[in-house]
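Scroll down for the structure; my scribbles are underneath it.
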Amino acid sequence: MLTQERQEVISSATLAQYMSRFDKKHGPLVKTEIAETPTVYGNRVSIFPRYVEESRLMTGTQGTAGAGLLHLQPEDGEWKVGRISIVP
């Protein structure tokens, strides 16, 4: 799901390390949904350069939600993740 550039910079071990912080507070991630009222960053669309940023609620098995921001950009005909910010 990551862009080629992000794959060269961020390893799966690093992503796992960050997600473990979320897991400790909320339990393993079971659901994400676009925040109807953006709680952290906001939702936006850029025309040039082309990207979408989505503020998302991230719910774990313990039932409480953290927040995150996905920065999506097109690559090879698909939308890929260029940045992820997680607020546990």
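When the surface is traced with a 1.4 Å probe over the full set of protein chains, Arg50 keeps roughly 140 Å² accessible. Annotation: extensible slack from Arg44 through Thr32 equals 2.6 nm (criterion: 0.36 nm per residue apart, minus Cα-Cα distance). A probe of 1.4 angstrom, applied to the heavy atoms of all protein chains, finds Thr61 with accessible area near 90 square angstrom. Taken about its Cα centre, the chain carries a charge dipole of roughly 320 debye when the Cβ of each Lys and Arg holds +1 and the Cβ of each Asp and Glu holds -1. Across the options Gln73, Tyr18, Leu2, the greatest Cα extent toward the positive end of the charge dipole of the chain (unit charges at beta carbon of Lys, Arg, Asp, Glu) belongs to Tyr18. The phi torsions of the range 21-32, fed into the Karplus equation with coefficients 6.51, -1.76 and 1.60 and a -60° offset, translate into couplings of 5, 5, 4, 4, 8, 10, x, x, 5, 10, 7, 10 Hz, rounded to whole numbers, with Gly and Pro shown as x. Where Lys and Arg each count +1 and Asp and Glu each count -1, what net charge lies around Tyr18 among other residues with Cβ under 14 Å from its Cβ? Local charge sum for Tyr18: +4.
With the gyration tensor restricted to C-alpha atoms of the range 35-86, the semi-axes of the equivalent ellipsoid amount to 23, 13, 7 Å, longest first. Antiparallel DSSP bridges in the range 1-85: what percent, to the nearest 5? Restricted to the range 1-85, the bridges split so that about 95 percent are antiparallel. Only alpha carbons enter this Debye calculation for the chain, each as an equal point scatterer, and the log10 of I(q)/I(0) it gives at q = 0.18, 0.26 Å⁻¹ is -0.84, -1.29. A 1.4 Å probe run over the chain, with the rest of the protein chains in place, finds 68 Å² accessible per residue. Per-residue accessible area (protein heavy atoms, 1.4 Å probe) orders Met1, Met58, Met19 as Met1, Met19, Met58, starting from the largest.
Of the accessible area of the chain, computed with a 1.4 Å probe over protein heavy atoms only, carbon and sulfur atoms account for 54 percent.
The values are calculated or read from the model by the stated rules, or taken from the named source; none is laboratory data. Please read these numbers as outputs of a predicted model, since none were measured by experiment. Because the Cβ atoms are built from the backbone with ideal geometry, glycine has one as well, and the counts that use them run over all protein chains shown. The area values use the complete protein model at the heavy-atom level, side chains included, leaving out ligands, DNA and RNA. Shrake-Rupley method; radii C 1.70, N 1.55, O 1.52, S 1.80 Å.
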